Structures are given as C-alpha cells and as structure tokens.
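The values are calculated or read from the model by the stated rules, or taken from the named source; none is laboratory data. Not measured: the values here are computed from a predicted model. Using ideal geometry, Cβ is built from the backbone for each residue, glycine included, and neighbour counts are taken over all protein chains shown.
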Amino acid sequence: MSKKRKFGFIGTGAWSSALANVLSKNGYDVILYGVDQKEIEDIKRGYNTKYFNSRAFNNPENIYATDSLSELVSNSNTYVLGVPSKLVKSVLKQLQKELKYKKVDLINLSKGLEPNSETLFSEFIAKKFKKNLKNLATFIGPSFAVEVFNEEATIINVVGENHMYNRELQRAFNNAYFRLEPEQNIKGAELFAALKNVLAIGMGMVSAKYQSVNTHSAMLTIGTQEILKVLDFLHPNPDNVKVALSFSGIGDIFLTCSSTKSRNFSFGQQINEFGMKKALELNNKTVEGVETAKTLQKILKKHPLDVPFLNNIIAILFSGKSPFKILDFIQTNNAS
C-alpha cells in the first residue's frame, strides 16, 4: 500500500524500530539509517533480533535499512530523529549537509535537556535546524519499545506548534493498538519527559532500600510535585497542572518510575546495590537521567528551588552522597 509520506528513521534502536513497525503495519514505506552493519542486515531480513528476539516486523517488505544517510534522504520525506540525545547535535549537522537548503518535516524522539544550552531538545533542534525545518513534532509518553513492537495497547502524546502536522502524524501512526494524542503545552510535556528520568533514578534507589509501598507512593508524589515546581519556575503556564495529568506527565512518570524495564529505574537500584562507579560500569548504554541530572544541577545552582528529593538524587550522582541517605531530607524536616 503506497502512501504519500515516506518515513526515514535516523537510528536503528529499539524505539525507532518499534515505531517503524507501527508504520509498516499501517502500510507506509519506511527506511532506517544506522551504523551497525549486523543490525542493518538483520532489519533487511525482517527482524531486529538485538531488541525483539525472533519476532518479525509487520509487513517487512515495507521496511528497508541502510548505512548511507544520502540513501535515506533520497528515499524519504519525513525524518524521525531516533538517536541518543548526546548525538543529536552531530546528527543534525550530517543531515543538513545532505539536505543542503531543502526544508523537511521532522519527528523528534529525544527526551531531556540539551546540556550546553540548557534548553529543551525541541527548542535546540528548532534553532540549530532552522534553515531546513518545515515542521517539528516530538513524541512523548509512557511507552516501552518492546511492548509497542509486540502490539500492546499504547497511548502517547504528540507535541508541536503546527496542529495540522500533528493531526497528519496521528493519521499515519494511529491504529488498533497505538495512538498519538495531541498535547498543547509543549514545554510542559517535554520538561516532564526530561525530569521524570531523574526522578526514576531516585525511585530506583528508594525501591531498593525500602519495601514499603507507602514509602514508594509518598516519594513518587513528592518527586512529581518537585518536577511541577521546576516546571512552574522555568516555564510558567496555568496548564502545567493539566500536563502533569497527561500521558507525558503522570503516565510517563508511572511507567518510568516503577518498572525494572526502565533503564533509569534499574540504574537507581544498581546504585543502591553496587555503588555509583559499578552501576556506571554495568550500563554500556546512555542513562538519559544522568545526563539530564547534570543539566538540572546547573539550573538549580543558578536558581535554587526547594526540591530536596531532586537535590538528593543529584548529590548521590555527582557529589558522593550515600544512596542510603536518599530520604534524609524527610527525616530532618520537622513539621511546621
């Protein structure tokens, strides 16, 4: 089935592959660009066994993989940025060289804060990619890639300034098991998506030390309140509470802060069990919450806010504080 939009994924990771699988099921042509030759050949055969074992792509004849960025540019008109956040800047430069002055539609999958500019990735992309950018949307929400690939019911937010473009993406991606829902508070949704990874590390530490569900629930509540406090300071908006209740808010927080499938949550547990140095050694992939925490640390140094849980997480990550003292702010906080 031929459709107007041809999607080019920059990155062959789990999330890119899962979304490519959604589009392929919906009848769209998809091409994925990557640098892992073994993975590329695997995708050409209709699989990505690195992430999804022996389960095949839907309609694999619609999916192609390449190690040539120019081939991707020649065979797609909507680009999906699916690389780790630390690679976004360099990948944008490579893409601009291929596009020259051509303007294109972009979908951003990166969550977090760009460390140098301390801005949201959508803001960073809009600025750095301005000469080539027609439309930009970001996908955010509770979604483990393997569950999307396995066609488990999933709803996430699509955020972006062009509502017509967002609706076009809804028409392309939505089906019986996967749905995009628009969220108008772009900065709120993206900041929640970024900071929830920091909170997830802290919740991993809490879950490893405390068995009480009461404690877990209390800390999840405090952490969410602190994220909202940071959001209200950085991006004041009366709809911030509303976004906290969205898929990119409480939905993503529940998923990331309570499951061992979450890399950030598991990393927090490993810190508690093995210590910071060993936990880092055990993770050969980027733990996004650590990178975001570095940027949050810079922000909080310039703008001190009353966020003791987030501050404790940062202190454990970067200042040698013991993870066993993760809740010392509660124990020293007398009732007023």
Open item on the list: Can you go through Gly268, Gly289 and tell me which one is surrounded by 23 or more Cβ atoms within 10 Å (Cβ to Cβ), at pLDDT below 95 and in a helix (DSSP H, G or I)?
Closed with: Gly289
Open item on the list: So Glu281 ticks every box in (1) in a loop (DSSP other than H, G, I, E, B); (2) modelled with pLDDT under 95 but one. Which box is left unticked?
Closed with: (1)
Open item on the list: Going through Phe192, Phe233 one at a time, which residue ends up being within 18 Å of the chain's Cα centre (by Cα), assigned by the TED database to the domain that holds Phe324 and either outside any helix (DSSP H, G or I) or among the aromatic types (Phe, Trp, Tyr) (or both)?
Closed with: Phe192
Task: Val91 vs. criteria buried (at least 18 other Cβ atoms within 10 Å of the Cβ), within 13 Å of Phe9 (Cα to Cα) and modelled with pLDDT under 95 - done: no
Open item on the list: I'm trying to understand the selection: among the residues of segment 321-336, which are modelled with pLDDT under 95 and among the small types (Gly, Ala, Ser)?
Closed with: Ala335, Ser336
TODO: Please work out if Asn197 is under 29 Å from Asn21 (Cα atoms) and assigned by the TED database to the domain that holds Arg263.
DONE: yes
Task: Selection count, segment 236-265, where residues are touching a residue at least 12 places away in the same chain (Cβ under 8 Å), part of a loop (DSSP other than H, G, I, E, B) and more than 30 Å from Lys278 (Cβ to Cβ) - done: 3
TODO: Assess whether Ile155 counts as being touching an Asp or Glu at 6+ places or on another chain (Cβ under 7 Å) and over 20 Å from Glu291 (Cβ atoms).
DONE: yes
Open item on the list: I'd like to know if segment 155-178 contains one or more residues that are touching a Ser or Thr at 6+ places or on another chain (Cβ under 9 Å), within 21 Å of Phe265 (Cβ to Cβ) and surrounded by fewer than 19 Cβ atoms within 10 Å (Cβ to Cβ).
Closed with: yes
